[in-house]
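Enquirer: This is the structure I want to talk about, given as structure tokens.
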Amino acid sequence: MIKENNQNKLKQIIDNLLLINLFTVIFFAIFFIFAIIMQFNGIFIFINFIQIVWNPLIVPLITILIFGALVNGISSWWKRKLLSQEEDI
């Protein structure tokens with residue numbers, strides 16, 4: 001019972017972190033579009049900021065987002081496969 005409660009709490013924490021990660025990636029995507037528009041208007045400070053934070057911040061955020069989606073998809077597929085095998089027995 002306690003182990004199951006700890007697993008649910010851990011899952012909730014991971015879900016919240018991945019949700020924050022998703023909204024951070026969406027924010028940076030919108031900011032990137034804004035930086036491109038401002039670059040067309042001759043203001044380069046925003047695109048320079050994106051170039052500075054691209055490798056140390058944005059790439060790991062996108063990597064975590066993709067990895068989380070893949071792990072979620074694989075675990076859902078695995079659970080469905082195990083449940084269907086249990087019904088066959």
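Bear in mind these aren't lab numbers, they're just calculated from the coordinates by the rules spelled out. All values derive from a computational prediction rather than experimental measurement. All Cβ positions, glycine included, derive from the backbone under ideal geometry; neighbour counts span all protein chains shown.
Enquirer: As a check on your grasp of the helix formula, calculate [θ] at 222 nm for the chain: sum -39500 (n - 2.57) over DSSP H runs of n ≥ 4, divide by the residue count, round to the nearest 500.
Expert: Calculated at 222 nm, the ellipticity per residue is -31000 deg cm²/dmol.
Enquirer: With +1 assigned to the C-beta of every Lys and Arg and -1 to the C-beta of every Asp and Glu, and no other charges, what is the dipole magnitude of the chain about the Cα centre in debye, to the nearest 20?
Expert: 140
Enquirer: Per residue Cα convex hull volume for the chain, in cubic angstrom?
Expert: In the chain, the Cα convex hull volume per residue is 106 Å³.
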